[in-house]
Ligand code: PDD
């Protein structure tokens, strides 16, 4: 008779997707599954309101304002072999978001690095080249649904804190060189997308629109400008002889990406590029761009090679993008001590 582990493995392998449920009672069983089915496995230890627990046991109230109103902030941070990269900047952005939403949670006194490192080691991701830790802080779960969140006395519910980590699957060098196709999608987000709130509906719909058109990524546009991707910042290299790099300035219209900030520092320090933080018009994107790419915590640099079916440059990842990725990887190496594979 087939064991339950073998059954689960077969089921997951046939579904080729993340399991919705895996048995949690037997830790050994989980380890076996983890080793057997690798990336399909996601029964991890997570952190909820001060406690570590298996993901399936983490329960959040349906009254939670994150669930009812999308009333919360999140942050996603990269770790290389368990070592944080640009953590201070990520925590600063988290603090800014909490203060904008007026959620009373003190980032500094909550020892988040220690919590992330515990999560990473409990999930055995210390040796993983790249992993992401995710934290979401919502305004908690009051008994009554009310748009207003503060009583006249200024009291607020206790925030809900949820965190997890997961391995980042980076594309192979061949896939990276081939590049990623893009669709232009109207930006339907609210006016403060510089805040990393959990309200990602317009990002989700925009990304799905691009997928429905058979593309890998979405470029969100508004008022004739290419702003950013559905989950990453957007960059263009102009078709001139100066290697001019253009990326949108950090207004309320884009998320101020940490990868973006680090790459800007590196590109400026390197000196071989002209760097312009300004909006890019759709006409420029169509007629005057030889390379383009996205940046984010999970993708580092991801080459964009076509827009709505029209190739950018020669329709493959370009050399300037490759050089910038190399600069970025060298920075990771310097800051974390982890040896990176240069492109
Ligand atoms: N997304 N713009 C948007 C809309 C994003 O969602 C992200 C990140 C970025 C890049 O930010 P950073 O370089 O700090 O990761 C820009 C994360 C990874 C996510 O939601 O999964």
Handout entry: Diffusion constant of segment 44-167 at 4 °C, which comes from Stokes-Einstein with the Kirkwood Cα-pair radius and 1.567 mPa s, µm²/s
Key = 86 µm²/s
Practice task
With no solvent and one equal point scatterer placed on each C-alpha of the chain, evaluate the Debye formula and give log10 I(q)/I(0) for q = 0.07, 0.14 Å⁻¹, two decimals.
Solution key: -0.33, -1.26
Practice task
Provide, in order from the shortest bin, the percent of all Cα-Cα pairs of segment 201-254 in each 10 Å bin, continuing until the bin that contains the maximum pair distance.
Solution key: 23, 46, 26, 5
Handout entry: Crossing angle, helix 112-122 versus the chain [Cα axis fit, 0-90 degrees, rounded to tens]
Key = 70 degrees
Exercise for the section: Highest first, please rank the peptides 158-165, 236-243 by the mean number of other Cβ atoms sitting within 10 Å of their residues. Expected result: 158-165, 236-243
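Consider all pairwise Cα distances in segment 173-336 and report the whole-number % of them above 24 Å.
Details: 3727 of 13366 pairs.
Here the tail beyond 24 Å accounts for 28 percent of pairs.
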Problem - Between 0 and 90°, nearest 10: helix 87-101 axis offset from the chain longest Cα axis - result: 70 degrees
Fill in the blank from the handout: In whole angstrom, the spacing between the Cα centers of segment 94-122 and segment 175-220 equals 27 Å
Exercise for the section: Round to the nearest 10 and give me the degree value, 0 to 90, for the angle of helix 258-270's Cα axis relative to the longest principal axis of the chain. Expected result: 40 degrees
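Percent relative contact order of the chain, based on C-alpha pairs within less than 8 angstrom and at least six residues apart? Walk me through the numbers before you get to the answer.
Working: 620 pairs, mean separation 49.7, N = 343.
Reported as a whole number, the value is 14 percent.
Quick note: the coordinates plus some simple rules give every number you see, no bench work behind them. Keep in mind it's a predicted model, so treat the numbers as computed, not measured. Every residue, glycine as well, gets a Cβ built from its backbone with ideal geometry; the counts of neighbours run over all protein chains shown.
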